[in-house]
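The values are calculated or read from the model by the stated rules, or taken from the named source; none is laboratory data. Just so we're clear, the structure is a prediction, and the values are computed from it rather than from any experiment. Here the Cβ is made from the backbone with ideal geometry for all residues, glycine too, and neighbour counts use every protein chain on show. Just the protein is used for accessible areas: all its heavy atoms, side chains included, with ligands, DNA and RNA removed. Shrake-Rupley method; radii C 1.70, N 1.55, O 1.52, S 1.80 Å.
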Amino acid sequence: MVRIWAFFLLFVVFTFNGFSQPNPAQRDSLNRLTQADHQWMMRLLGIESLRPGPSGNPQAPNAANADESKAKTYESVPNPLVLENGKAVKNRTDWENRRSELNELFDREMYGRTPKNLPEVNWERIWEKDTLIGGIEVVYKKMKGIVDNSSFPAISVSIDFEYGVPKNGDKSVPLVMEFGWIWPAGMQRPPAPPGPSWQEQVLTQGWGFGTLIPTSFQADHGAGLRAGIIGLINKGEPRKLDDWGTLKAWAWGAGRALDFLESDSAVDSKRVVIEGLSRYGKAALVTMAYDERFAVGLIGSSGAGGAKLLRRTFGEQVENLASSGEYHWFAPNFISYAGPLTPNDLPVDAHELIALCAPRPVFISVGSPTVEGQWIDAKGMFEAAVLAGPVYELLGKKPLPTHDFPPIQTFLVSGDLAFRQHEGGHTVGPNWPYFIEWARKYLVK
Ligand code: GCU
């Protein structure tokens with residue numbers, strides 16, 4: 001019986017892996033599988049019910065708080081520069097110890113543990129072409145990373161990654177890697193902002209661009225957890241409570257794409273930027289925090305689960321992240337913080353995830369509250385960046401230049417932590433030129 005159920009599940013999950021768009025009946029079935037997995041995790045955790053999160057609809061009676069005067073001052077924000085034994089972190093060696101502690105806490109309580117000894121990935125070239133992008137000659141390649149599934153052949157996993165580098169550029173150029181969205185069929189892409197695309201903007205600098213498709217190797221829903229790279233490692237079984245969630249899996253894929261780039265002499269793998277928006281902004285921050293080979297991070301509207309302080313009662317809350325629509329991004333253990341535990345019980349918070357990126361430079365980007373809305377909580381991300389500042393300083397780097405939340409469109413450019421709230425919506429769009437101006441300090445030799 002269990003077997004039949006497992007096969008049925010695998011069938012459903014393979015069929016709806018993020019490329020083929022489910023019809024309403026299929027969506028229903030995906031939903032049911034997600035609910036079943038979420039319920040099972042709650043059962044393993046001994047939890048009967050969770051506190052519901054507020055609504056993202058500002059008109060709803062239970063709308064998320066968007067009133068600064070009602071945002072409660074958070075209690076118990078952990079100090080990134082105090083070790084668990086209460087001793088202060090005074091130097092780099094102490095920080096390395098604290099770093100390991102923070103890694104362990106984030107692994108166990110929030111993002112889950114990336115398994116050791118993950119399978120090899122073999123990269124195949126699907127095509128390569130010379131093309132023109134924004135009038136610049138580009139060598140453009142589409143790659144597929146085939147994951148060795150000899151441990152469980154019923155599940156196949158591959159990573160889609162494509163990238164372009166200026167054809168007659170320097171021998172080895174910096175590259176900006178983006179976690180790319182696949183827009184569901186029938187859903188409209190947000191209109192492209194006027195002016196050059198981000199790819200054109202980075203090519204103009206003589207840099208390369210790359211797009212990694214996270215849903216090619218780990219679907220973006222709970223029903224997909226028994227397939228993809230997470231399912232392959234678990235041989236199609238459900239996760240354990242501290243197993244990795246999709247954010248960690250997506251970060252793993254970015255690391256494999258970087259491994260591949262290390263083999264291409266056209267790219268300087270020591271100058272690779274990771275960028276993403278929203279859930280992929282969260283993934284970009286997790287990638288930066290855990291894979292120290294990424295040189296620079298551009299973290300777009302990452303909100304809760306990304307750069308926003310989870311203890312701040314404004315916009316999206318832990319209760320939303322722990323619900324069946326989003327829990328798959330995290331380790332099952334994280335669900336507990338929506339009941340019986342509270343966000344104040346978290347042994348870590350977002351400022352410490354930013355701190356794990358130190359001393360490497362991070363740009364935190366967000367849109368306008370009137371266009372993008374307040375769900376993302378721009379100020380909550382700013383405050384987390386402020387609280388990560390002392391770690392940057394300890395490592396001889398520059399924090400944000402102010403502790404006061406700046407007016408929209410102020411460009412905080414002088415530090416190794418940068419922040420800008422642009423005038424647009426849920427996009428990195430208007431911030432690309434600012435990011436490039438700031439990142440030139442690190443990427444131009
Ligand atoms: C939802 C979710 C956010 C997420 C966003 C996105 O709004 O609540 O946490 O960042 O989707 O990825 O677009």
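Listing for the model above:
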{"read-out": "Surface share of carbon and sulfur [accessible, 1.4 angstrom probe, percent] for the stretch 198-255", "value": "49"}
{"read-out": "Stokes-Einstein D in µm²/s, Kirkwood radius over Cα pairs - the stretch 165-242 at 25 °C with 0.890 mPa s viscosity", "value": "157"}
{"read-out": "Radius 15 Å from Cβ of Y442, net charge of other residues (Lys, Arg +1; Asp, Glu -1)", "value": "+4"}
{"read-out": "Packing rank of 24-34, 227-237, where each peptide gets the mean count of other beta carbons within 10 Å, highest leading", "value": "227-237, 24-34"}
{"read-out": "Mean separation of Cα contacts under 8 Å (6+ apart) over length of the chain, as relative contact order %", "value": "18"}
{"read-out": "Translational diffusion coefficient (Stokes-Einstein; Kirkwood radius from C-alpha pairs) of the stretch 124-164 at 10 °C, 1.306 mPa s, in µm²/s", "value": "134"}
{"read-out": "Calculated Rg and Dmax of the stretch 255-301 using C-alpha coordinates, Å", "value": "10.7, 33"}
{"read-out": "Fluctuation leader among P190, P343, P433 - the chain, Gaussian network, Cα springs under 10 angstrom", "value": "P190"}
{"read-out": "Of the trypsin sites (Lys or Arg not before Pro) in the stretch 71-117, those whose Cβ has at most 16 other Cβ within 10 Å and which sit in DSSP loop", "value": "K72, K87, K90, K116"}
{"read-out": "Neighbourhood net charge (10 Å Cβ-Cβ; Lys/Arg +1, Asp/Glu -1) for L232", "value": "+1"}
{"read-out": "Solvent-accessible area per residue for the chain (1.4 angstrom probe, square angstrom)", "value": "42"}
{"read-out": "Unit charges on C-beta of K, R, D, E only; dipole of the chain, Debye", "value": "320"}
{"read-out": "At 0.692 mPa s and 37 °C, Stokes diffusion of the chain via Kirkwood alpha-carbon radius, µm² per second", "value": "147"}
